[in-house]
Amino acid sequence: RENKKATSTATLTTKLTKYDKSASKIMKKSIPVLKQKIERTLSDTKDIISDLLGKVKRGQVLEISLEYLELVRKSERISDQLRKLLEEEHCSVEILRLFDVLLEIRASPLALQPNFKRVLDARVSFLANRLVPKVRQRFNTETSKMGWPISTKRENDNIILTKSFKEFFFYSVKIQARLHEHMIKISTTTSGDKLWAFHDLYQPLMKRFRFHFCSKSSKINRIDRPEWCFRYILQQIRAHREILTLKIEPLIREITKNNTSVESLLCSIQERDSLKALLNDYVNVLISHLRVVFPSILSLGKESKQEKEEEEFVDLATRPTTTHIQALLCKTVSEILEFNRTLRVEFKYNDGRSVNVLTSNNKWLEMWLEAELSLASSQLSSSRMRTSSPQRILKVA
């Protein structure tokens with residue numbers, strides 16, 4: 001049995017050795033042939049792929065070229081439509097829609113081509129400089145039609161926002177937001193740091209103030225009555241506060257919903273609150289007024305400028321004395337401080353720019369301090385005289 005096992009094992013080993021030799025011969029012959037076939041196949045495949053890639057690339061270039069030409073044609077067509085529509089008297093939703101499409105074309109990657117970009121920028125600037133004034137002018141017209149500004153002489157004067165007013169309020173904000181988003185500047189408009197709607201809404205109020213307190217013909221433009229100016233501003237703010245907080249603010253919130261361009265605009269401007277924007281405008285015009293008032297008061301005693309100052313600022317019956325000038329200066333500063341206190345307490349508005357008009361000028365500040373000291377000394381002396389008078393009377397008796 002052991003011999004039979006040994007014989008079969010040797011036979012199996014011999015056969016396996018033969019099979020290994022045969023497999024090696026087959027592999028040596030087959031692998032080079034297979035390798036050649038694979039290399040020929042890969043070479044043919046590379047040529048096919050290269051040819052296909054070339055065709056795809058040419059197709060993409062052709063497709064981009066067609067898209068570019070279509071975009072050029074579309075921009076020309078929309079520009080022509082906008083020119084025709086802007087020649088008409090009214091603004092419409094169609095104008096704003098077409099203008100939005102033109103801005104989207106300008107923001108397209110295909111519009112980065114230098115020549116096309118230059119042409120598009122010129123077209124957008126041309127159309128925007130005609131569209132914006134038209135919308136703002138129509139907004140001013142609708143504002144006036146609904147009875148703005150409120151008349152403080154009529155009791156319970158209430159304003160109802162008309163449909164046209166709301167429409168052009170939205171137009172004004174949306175156009176400003178779109179131009180801000182695309183970084184387009186308008187040469188025909190000002191007040192870039194605030195909402196155009198706020199600026200146009202408050203412009204009639206600022207004109208009223210300038211008429212009453214900056215014009216020579218006004219009867220209430222008197223530097224000896226500084227309280228009139230501050231009372232007038234507070235009266236106007238209180239009269240318009242309700243409509244701004246209850247009617248204009250909801251419009252701002254409505255237009256901001258789901259509108260990222262408007263939200264971005266509101267984040268970039270100086271003041272997005274309608275009431276505070278009005279307070280800012282009144283403080284700005286008040287500062288200009290005070291820059292005229294202070295030198296007018298301080299020059300009342302100069303003989304060389306007496307007639308000129310009287311004609312420009314105030315008609316006084318008699319020549320003012322030094323004491324009168326000091327009292328007027330102190331009264332004006334006192335009214336400024338009281339005005340700022342009222343704004344801070346009643347409207348939660350902290351702004352000391354009106355006081356800075358005085359403190360930023362060393363000469364005016366020194367003269368005011370001297371006036372306060374002189375008046376305080378005079379009042380102290382007079383109070384001492386009053387307290388000593390009864391003793392003198394008793395001595396005489």
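Please give the number of the condition ARG353 fails out of (1) open to solvent by 40 Å² or more (accessible area, probe 1.4 Å); (2) in contact with a Pro (Cβ under 8 Å, 6 or more places away or on another chain); (3) not β-branched (Val, Ile, Thr).
(2)
For region 364-379, enumerate the residues that are touching a residue at least 24 places away in the same chain (Cβ under 8 Å) and open to solvent by 80 Å² or more (accessible area, probe 1.4 Å).
GLU370
Return yes when LEU34 is assigned to a helix (DSSP H, G or I), at pLDDT 70 or above and touching a Ser or Thr at 6+ places or on another chain (Cβ under 8 Å) and no when it is not.
Taking the combined requirement at face value, the residue does not satisfy it.
Go through THR152, THR189 for me and flag whichever is modelled with pLDDT under 90, surrounded by 16 or more Cβ atoms within 10 Å (Cβ to Cβ) and touching a helix residue (DSSP H, G or I) at 6+ places or on another chain (Cβ under 9 Å).
Values: THR152 fails: surrounded by 16 or more Cβ atoms within 10 Å (Cβ to Cβ).
It is THR189.
Every residue in region 343-354 that is outside any loop (DSSP other than H, G, I, E, B) and over 13 Å from LEU286 (Cβ atoms), please.
Hits for region 343-354 are ARG344, VAL345, GLU346, PHE347.
Out of region 256-276, which residues are open to solvent by 10 Å² or more (accessible area, probe 1.4 Å) and touching a residue at least 60 places away in the same chain (Cβ under 8 Å)?
Result: ASN259, SER261, SER264, SER268, ILE269, GLN270, GLU271, ARG272, LEU275, LYS276.
Among the listed residues ASP224, ASP200, which satisfies the condition of being charged (D, E, K, R) and in contact with a Phe, Trp or Tyr (Cβ under 8 Å, 6 or more places away or on another chain)?
Working: ASP224 fails: in contact with a Phe, Trp or Tyr (Cβ under 8 Å, 6 or more places away or on another chain).
Only one candidate qualifies: ASP200.
Out of LEU205, LEU131, report the one residue that is closer than 29 Å to LEU82 by Cα and either assigned to a loop (DSSP other than H, G, I, E, B) or open to solvent by less than 20 Å² (accessible area, probe 1.4 Å) (or both).
Result of the check over LEU205, LEU131: LEU131.
Which count do you get for residues in region 101-120 that are surrounded by 14 or more Cβ atoms within 10 Å (Cβ to Cβ) and in a helix (DSSP H, G or I)? Write out each step before concluding.
Initially, region 101-120 is screened for residues surrounded by 14 or more Cβ atoms within 10 Å (Cβ to Cβ), giving 101-103, 105-106, 108, 110-111, 113, 116, 119-120.
Adding the requirement that they be in a helix (DSSP H, G or I) leaves 101-103, 105-106, 110-111, 116, 119-120.
Number satisfying all stated conditions: 10.
How many residues does region 59-87 hold that are under 29 Å from the mean Cα position of the chain (by Cα) and not polar (S, T, N, Q)?
The number of residues fulfilling the criteria is 6.
Of the conditions (1) in a loop (DSSP other than H, G, I, E, B); (2) open to solvent by 50 Å² or more (accessible area, probe 1.4 Å), ASN140 satisfies every one except a single condition; which number is it?
(1)
Is one or more of the residues making up region 214-229 among the basic types (Lys, Arg), outside any loop (DSSP other than H, G, I, E, B), open to solvent by 30 Å² or more (accessible area, probe 1.4 Å) and at negative phi?
No, region 214-229 contains no residue that is among the basic types (Lys, Arg), outside any loop (DSSP other than H, G, I, E, B), open to solvent by 30 Å² or more (accessible area, probe 1.4 Å) and at negative phi.
Find all pairs meeting these conditions: Cβ atoms under 6 angstrom apart; at least six residues apart or on different chains; first residue within region 200-217 and of a type in the set (Ser, Thr, Tyr); second residue part of a helix (DSSP H, G or I).
Close Cβ pairs satisfying both conditions: TYR202/LEU278; TYR202/ASP281.
Looking at (1) among the charged types (D, E, K, R); (2) open to solvent by less than 80 Å² (accessible area, probe 1.4 Å); (3) modelled with pLDDT of 75 or more; (4) farther than 30 Å from PRO133 by Cα, which is the one condition that is false for ASP51?
(3)
Of everything in region 158-180, what is modelled with pLDDT under 90 and either touching a helix residue (DSSP H, G or I) at 6+ places or on another chain (Cβ under 6 Å) or open to solvent by less than 40 Å² (accessible area, probe 1.4 Å) (or both)? Give them in sequence order.
If the condition is that a residue be modelled with pLDDT under 90 and either touching a helix residue (DSSP H, G or I) at 6+ places or on another chain (Cβ under 6 Å) or open to solvent by less than 40 Å² (accessible area, probe 1.4 Å) (or both), then ILE159 is the only one that fits.
Picking from ALA239, ALA197, which residue would you name as being open to solvent by 30 Å² or more (accessible area, probe 1.4 Å), in a helix (DSSP H, G or I) and hydrophobic (A, V, I, L, M, F, W, C)? Before you say what the answer is, go through the steps one by one.
Details: ALA197 fails: open to solvent by 30 Å² or more (accessible area, probe 1.4 Å).
Residue meeting the stated conditions: ALA239.
Being touching a helix residue (DSSP H, G or I) at 6+ places or on another chain (Cβ under 7 Å), surrounded by 17 or more Cβ atoms within 10 Å (Cβ to Cβ) and at pLDDT below 90 is the requirement here; does PHE339 meet it? Lay out the reasoning, then the answer.
Working: touching a helix residue (DSSP H, G or I) at 6+ places or on another chain (Cβ under 7 Å): yes; surrounded by 17 or more Cβ atoms within 10 Å (Cβ to Cβ): yes; at pLDDT below 90: no.
Judged against the criteria, PHE339 is not a match.
The values are calculated or read from the model by the stated rules, or taken from the named source; none is laboratory data. Please read these numbers as outputs of a predicted model, since none were measured by experiment. Glycine also receives a Cβ, built like all others from the backbone with ideal geometry; neighbour counts cover every protein chain displayed. Surface areas here come from the heavy atoms of the whole protein model, side chains and all, with no ligands, DNA or RNA. Shrake-Rupley method; radii C 1.70, N 1.55, O 1.52, S 1.80 Å.
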